[in-house]
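Input: a single structure, listed below in structure tokens.
The values are calculated or read from the model by the stated rules, or taken from the named source; none is laboratory data. It should be emphasised that the depicted structure is a prediction, and the values quoted were computed from it without experimental measurement. Every residue, glycine among them, receives a Cβ derived from its backbone with ideal geometry; neighbour counts consider all protein chains shown. These area figures cover heavy atoms from the full protein model, side chains too; ligands, DNA and RNA do not enter into them. Shrake-Rupley method; radii C 1.70, N 1.55, O 1.52, S 1.80 Å.
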Amino acid sequence: MTEVKFYEKVDDSLLKFAVIIAKSDGKWVFCKHRERDTYELPGGHREEGEDILETAKRELYEETGAIVYNIEPICVYSVTADYNFDGVETFGMLYFAGVKEFEGELHNEIERIVLMDGMADKWTYPEIQPHLIKRYEKWVENKKKQV
């Protein structure tokens, strides 16, 4: 079983991942890895000595080729799964990026990016990614109420 939780804040040292919900021209940005036939949100592991925001920016660029964008934090998330990290709760930071421009070529393990009006039908992490999207939607609603 996989459990996804959300937090306002945790100690920075616990943040191991950054995931970015990205949109461009009102469309969702999804990545298709070369070795999989599924779609995923851009994101990945934090490197040694890297600030978590820098992780998010690096992963967004590496996985989508985004070069002009605005990025902002949404919240901390955690995943606990028997198949992952021996069932230990692991933490990441969830971001939103509005992408204005992409580089013409991808340079890493991502085969292509896909801009979609709706959600992908085949998720790489179906027990995690939909929860992150729902949290993003709640965040958007809260921002609208603050205006």
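Data overview
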{"quantity": "Residues located in the range 90-107, provided they are over 9 Å from the mean Cα position of the chain (by Cα) and in a strand (DSSP E or B)", "calculated": "Thr90, Phe91, Gly92, Ala97, Gly98, Val99, Lys100, Glu101, Phe102"}
{"quantity": "Residue list for the range 102-111, filter: over 22 Å from Ile52 (Cβ atoms) and surrounded by 11 or more Cβ atoms within 10 Å (Cβ to Cβ)", "calculated": "Phe102, Glu103, Leu106, Glu111"}
{"quantity": "Residue identified as modelled with pLDDT under 95, open to solvent by 50 Å² or more (accessible area, probe 1.4 Å), within 19 Å of Pro130 (Cα to Cα) and out of contact with any Ser or Thr (no Cβ under 9 Å at 6 or more places or on another chain) among Asp86, Asp37", "calculated": "Asp37"}
{"quantity": "Condition met for Glu48 (without any contact (Cβ under 8 Å) to a residue 60 or more places away in the chain, acidic (Asp, Glu), within 21 Å of Lys143 (Cβ to Cβ) and surrounded by fewer than 20 Cβ atoms within 10 Å (Cβ to Cβ))", "calculated": "no"}
{"quantity": "Test: residue in the range 124-134 that is open to solvent by 30 Å² or more (accessible area, probe 1.4 Å), free of Cβ contacts under 8 Å to residues at least 24 places away in the same chain and in a loop (DSSP other than H, G, I, E, B)", "calculated": "yes"}
{"quantity": "Unmet requirement for Ser78, which otherwise passes all of (1) under 23 Å from Lys16 (Cβ atoms); (2) open to solvent by 60 Å² or more (accessible area, probe 1.4 Å)", "calculated": "(2)"}
{"quantity": "Odd one out for Tyr61 among (1) aromatic (Phe, Trp, Tyr); (2) in contact with a Leu (Cβ under 7 Å, 6 or more places away or on another chain); (3) closer than 15 Å to Gly98 by Cα", "calculated": "(2)"}
{"quantity": "From the options Glu127, Glu103, Glu111, residue that is in contact with a Ser or Thr (Cβ under 8 Å, 6 or more places away or on another chain) and under 26 Å from Glu35 (Cβ atoms)", "calculated": "Glu127"}
{"quantity": "When residues of the range 1-55 are limited to those that are under 13 Å from the mean Cα position of the chain (by Cα) and assigned to a loop (DSSP other than H, G, I, E, B), the one farthest from His107 (Cα to Cα)", "calculated": "Arg46"}
{"quantity": "Total residues in the range 51-62, condition within 22 Å of Val140 (Cβ to Cβ) and crowded, with 17+ Cβ neighbours inside 10 Å", "calculated": "5"}
